[in-house]
Amino acid sequence: MTQSLFRLLLIVTLVATAGCGLFRDKDADVRDPSETAARLFERSNYLVESGSYTAGIAGFETLIAIYPFSEQARQAQLTLMYAYWRDGQPEMAVISADNFMLENPTHPRVDYALYIKGLARFPKDRGPLERLFRVNLNKRPPGEILSSFNTFAQLLQQHPNSAYVDDARQRMIYLRNRLAAHEVTVANFYLERDAHVAAINRARYILENYQETPSIVPALRIMAKAYENLDMPELAEDTRRIIAANAAEDRRPGKVAQRP
């Protein structure tokens, strides 16, 4: 059975159960659209909470399509973006979050939509095959990392009192470290190909933009090596002194006494 046919059967089943009395409430008037919408929301929400994300998504999509102006549809949008994310559909989670914010710019849960959007762009850890082949994630384009970082930054700026601020801030630290590590990878790429000026410029960019990250010392080492290869021993030695001075002053990575 194809996935599209499976989703269609789910939709038909959910609509039928909602219309026929989902929880067998004999006193409910199932002909009332708001009552049917409420039943469909409750059933779909139950499925998502139970981990049946595909079925829950089908129910919420049906609810929004049939009752687009109901209060349940608005609530469904919020849970739907979460279900997309948990179901491994990050693009749909981002689209759903963007649509919600566009249609409800003053809604009190806009911060949640931003948070889910940031999570949907948040990079995944290495999978089994990536660990097996020792894939260096820092070589990958940082587009999604930057998008996630910027989304969390928007959350902190626009909703500083949000319940999701603390988690977003911690994720931003991780993302910033990943962005800096990517820049080190690029600088090393230039160094290995004897593009020493480009390597120095990239290393300097790290020093200027990614203070207090573990990538500072590697960037300084790249810079020192590039100066040495360019036959600039004084600058190379100055850079090495900065590395030594910072190691002596503070064992925490990321603190630079001065830039060469």
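The values are calculated or read from the model by the stated rules, or taken from the named source; none is laboratory data. Quick caveat: nothing in here was measured; it's all calculated off a predicted structure. A quick note on method: Cβ atoms are made from the backbone with ideal geometry, for glycine too, and the neighbour counts reach across all protein chains shown. Accessible surface is based on the protein model in full, side chains and every heavy atom, while ligands, DNA and RNA are left aside. Shrake-Rupley method; radii C 1.70, N 1.55, O 1.52, S 1.80 Å.
Taking label positions 7 Å along the Cα-Cβ direction at both Asp238 and Ile173, the computed distance is 3.3 nm, reported to one decimal.
Of Tyr67, Tyr84, the order by accessible heavy-atom surface (1.4 Å probe, DNA, RNA and ligands excluded), from most exposed downward, is Tyr67, Tyr84.
Applying 1/(1 + (r/R0)^6) with r as the Cβ-Cβ distance of Glu103 and Gln154 and R0 = 22 angstrom yields a FRET efficiency of 0.80. Placing Glu91, Glu192 in order of accessible area, with the largest value first and a 1.4 Å probe, yields Glu192, Glu91. What trypsin sites (Lys or Arg not before Pro) in segment 171-229 are in a loop by DSSP, with at most 10 other Cβ atoms within 10 Å of the Cβ? Here the sparse-neighbourhood loop sites are Arg193. Residues Tyr174, Tyr46, sorted by accessible area with the largest first, give Tyr46, Tyr174 [1.4 Å probe; ligands and nucleic acids excluded].
To the nearest 10 square angstrom, what accessible area does Asp111 show with a 1.4 Å probe? Surface open to solvent at Asp111 totals about 20 Å². Rounded to the nearest Hz, the phi-derived 3J(HN,Hα) couplings of segment 226-232 under the Karplus curve 6.51 cos²θ - 1.76 cosθ + 1.60 (θ = phi - 60°) are 5, 4, 4, 5, 8, 6, 10, where x marks glycine and proline. Charged neighbours of Ala76, selected by a Cβ distance under 12 Å, balance to -1 (K, R count +1; D, E count -1).
Overall, segment 168-214 carries a charge dipole of about 260 debye about its Cα centre when +1 sits on the Cβ of Lys and Arg and -1 on the Cβ of Asp and Glu, all other atoms neutral.
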